Amino acid sequence: MSSTAIVDIATLVTNDPSRGGGASPLGLVRDAAVVIDGDRVVWTGESNTAPATDNRVDAEGRAVVPGFVDSHSHLVFAGDRTDEFNARMSGRPYRAGGIRTTVAATRAASDAELEANLTRFLAEALRQGTTTIETKSGYGLTTEDEARALRLAARHTDEVTYLGAHIPAPEYADDPAGYVDLVTGKMLDACAPHARWIDVFCERGAFDGDQARAVLTAGRARGLHPRIHANQLSHGPGVQLAVELDAASADHCTHLTDADVDALAHSRTVATLLPGAEFSTRAAWPDARRLLDAGVTVALSTDCNPGSSFTSSVPFCVALAVRDMGMTPDEALWSATAGGAAALRRTDIGRITPGARADLVLLDAPSHVHLAYRPGVPLVAGVWRRGVRAL
C-alpha cells in the first residue's frame, strides 16, 4: 500500500455539507487536495497544506468529484433492440412487453457471451466515471437463467438485484399467479444466495400491487432488501408499497400523486430518477423539482438496458436532469453520487471524506458544472476506484 496526494484541484466536491462554509451540500473546497492511502481517503483540504505522501498527482487546476454511483442498471443480457428503438422513434409508443425480445436472446446466449457483454458495459461505465454500479437479473425468467445471471453479476459487483419479477415469463402468460409462485418459491431459493436486493416491476403489463407485495415480502424473508420499479408508465401502487416495505429505492417515479410525494418525503425510501428512459421513450419527464422541494432524497441513475435506456453514461443523465427535470447542477451531481449511495444504503461511497472509499473522478474542466454545461463531451480525465487509478 502507498499513499497518493492529488493536488492543485480547482474544485473538490466532497459531499460533506460542513465543508465550504456550508453553502452547498456538495461541500466544495477550492484550491484543494485529497490524500489516498490504500483504498481509503484519509485527508482533504487546501492544496498548500497537503501532507507528504509517497506519490503526487497534479490535477492542473481541474475538478475532482466522487465516483458516480449508478444504483439502477440491467447489464446481464444478450442481443439488442435496435429495430424496436427505430420503430418507437418513428411513432410507436413504449410498452413493457418488449422485454420478451431480450429474454429470448438472453436464454439462447452462453455464459461466456453474457459475461463478455457485462464486462464490456462495466468498462464503458467506468470510462465515464462510474465506480459503483448495481445491476439486476430479469432477462432469463427461468430458475436456471435468473440464477446464472446473478452468479455472473456477483463476480463483478457487490450490488446485485434479483429481478425475476421483471415481467411474467412467456410460458406463464396465461398464469401470472403461477409465475409469482415460481418467483417467490423455487426461483427465489436458487437466486437468493447470489443477490443483495430483490426488485419487481409494478406496472400494467407486468405485476400489480398485490403481486409486487408478495414478491418483495418473500424476498425480504430470505434476507434480500426490497427496491421497486414504481410509477413509470402510469399512476400505480408502487411508491406507496415501497414506503410501506421500507424499500431502499422507488425507481422511475414519473407519475406521482401528492400522497406519493408526501409518503416519500416522510420515509427512508429514495426516489431514483432515470432520465435515460424518458429520453429513449419520449415519455414525460419526472418532476425532480417537485420531489426535492418536498424534501425527498433523490438519486440519478442510467437504467442502462437494451430496450428503454441504452446508455451507461451518468454524465449524460446529469445533463438531462438539469436541462429537463428542474434540477440544478449541484443537485444533479449530488444525486448521481451521494444520492446513489443512499439508494444502496451505503455510507462508504458517493463522497470524498476521510474514511470513505477512494473512488474519485478527475474532470477535464475546472468545475463540476461542466457536466451539464458541456453535454456529450467526454470530460472524464481520470478515475480512481478503491484507491487504484483505473483510467
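The values are calculated or read from the model by the stated rules, or taken from the named source; none is laboratory data. Everything numeric in this text was worked out from a predicted model, so none of it was measured. Counting neighbours? That spans all protein chains shown, and the Cβs are built from the backbone with ideal geometry, glycine included. The accessibility values were calculated without ligands, DNA or RNA, using every heavy atom of the protein model including side chains. Shrake-Rupley method; radii C 1.70, N 1.55, O 1.52, S 1.80 Å.
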Along the charge dipole of the chain, which of Leu245, Ala154, Thr142 sits closest to the positive end, that is, farthest toward it, with unit charges on the beta carbon of Lys, Arg, Asp and Glu (+1, +1, -1, -1)?
Ala154
If you build the Cα gyration tensor of the stretch 316-386 and take the root of 5 times each eigenvalue, what three semi-axes come out, in whole angstrom, biggest first?
21, 16, 9
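Could you give the size of the charge dipole of the stretch 95-164 about its Cα centre, using +1 on the Cβ of each K and R and -1 on the Cβ of each D and E, expressed in debye and rounded to the nearest 20?
Values: 9 positive and 10 negative charges, 47 e Å.
Roughly 220 debye for the stretch 95-164.
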Kindly report, to the nearest 10 Å², the accessible surface of Ser308 as traced by a 1.4 Å probe over protein heavy atoms only.
10
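Convert 4 °C to kelvin, take the viscosity as 1.567 mPa s, use the Kirkwood radius over C-alpha pairs of the stretch 63-186 as Rh, and evaluate the Stokes-Einstein diffusion coefficient in µm²/s, rounded to a whole number. Intermediate values should be presented prior to the final figure.
Working: Rh = 15.6 Å.
Once the numbers are plugged in, D ends up at 83 µm²/s.
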Taking all pairs of distinct Cα atoms, average 1/r, flip it, and tell me the Kirkwood hydrodynamic radius of the stretch 244-391 in Å to one decimal place.
15.8
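Could you order Arg213, Arg30, Arg151 so the one with the most accessible surface comes first? Probe is 1.4 Å. Can you show the working numbers first?
On the way: Arg213 85, Arg30 140, Arg151 105 Å².
Greatest to least solvent exposure: Arg30, Arg151, Arg213.
Taking the alpha carbon gyration tensor of the stretch 182-320, what are the square roots of 5 times its eigenvalues, largest first, to the nearest whole Å? It would help to have the intermediate numbers written out before the result.
Working: eigenvalues 116, 64, 37 Å².
So the equivalent ellipsoid measures 24, 18, 14 Å along its semi-axes.
For the chain, give the share of DSSP beta bridges that are antiparallel, in percent and rounded to the nearest 5; count only bridges with both residues there. Can you show the working numbers first?
Details: 25 of 55 bridges.
Bridges in the chain are about 45 percent antiparallel.
I want to verify the translational diffusion coefficient of the stretch 269-347 in µm²/s; compute it with Stokes-Einstein, Rh as the Kirkwood radius over Cα pairs, at 20 °C and 1.002 mPa s. All intermediate terms of the calculation are to be shown ahead of the outcome.
Details: Rh = 12.2 Å.
The diffusion coefficient I find is 175 µm²/s.
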Antiparallel DSSP bridges in the stretch 222-371: what percent, to the nearest 5?
10
In debye, nearest 20: dipole of the chain around its Cα centre with unit charges on the Cβ of K, R (+) and D, E (-)?
380
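Could you give the accessible area per residue of the stretch 174-294, probe 1.4 Å, as a whole number in Å²?
Details: 4630 Å² over 121 residues.
Using a 1.4 Å probe on heavy atoms only, each residue of the stretch 174-294 averages 38 Å².
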Whole number please: convex hull volume per residue, Cα atoms of the stretch 109-176, in Å³.
85
Of Ala33, Trp285, Pro93, farthest towards positive along the dipole that unit charges on Lys, Arg, Asp, Glu beta carbons give the chain
Ala33
dims of the stretch 31-78, Cα set, principal axes, largest to smallest, nearest Å -> 49, 23, 15
The chain: relative contact order in percent, alpha carbon pairs under 8 Å with at least 6 residues between:
20
Accessible surface ranking that places the most exposed of Tyr373, Tyr172, Tyr139 first, with a 1.4 angstrom probe:
Tyr373, Tyr172, Tyr139
Along the principal axes of its C-alpha atoms, what lengths does the stretch 1-146 span, in descending order and rounded to whole Å?
58, 38, 25
Alpha carbons only, please: Rg and Dmax for the stretch 97-251, in angstrom.
14.8, 44
Cα-based equivalent ellipsoid, the stretch 330-370: semi-axes from gyration tensor eigenvalues, Å
19, 14, 7
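Counting each DSSP H run of 4 or more residues in the chain as -39500 (n - 2.57), what helix-only mean residue ellipticity at 222 nm follows after dividing by all residues, to the nearest 500 deg cm²/dmol?
Details: 15 runs with 131 residues, N = 391.
Here the helix-only value at 222 nm equals -9500 deg cm²/dmol.
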Please build a GNM for the chain, connecting alpha carbons under 10 Å apart, and tell me which residue among Leu371, Leu360, Leu379 fluctuates the most.
Leu379
Whenever you get a sec, line up Met1, Met325 from highest to lowest accessible area (probe 1.4 Å, protein heavy atoms).
Met1, Met325
Cα axis of helix 111-127 to longest principal axis of the chain: angle in degrees, 0 to 90, nearest 10?
40
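Quantify, in whole percent, the carbon and sulfur part of the accessible surface of the chain (1.4 Å probe; protein heavy atoms only). All intermediate terms of the calculation are to be shown ahead of the outcome.
On the way: 7280 of 14620 Å².
Within the chain, the accessible surface is 50 percent carbon and sulfur.
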Pairs of Cα atoms farther than 39 Å apart, the chain, %
15
In percent, how large is the relative contact order of the stretch 248-391, given Cα pairs closer than 8 Å and 6 or more residues apart?
19
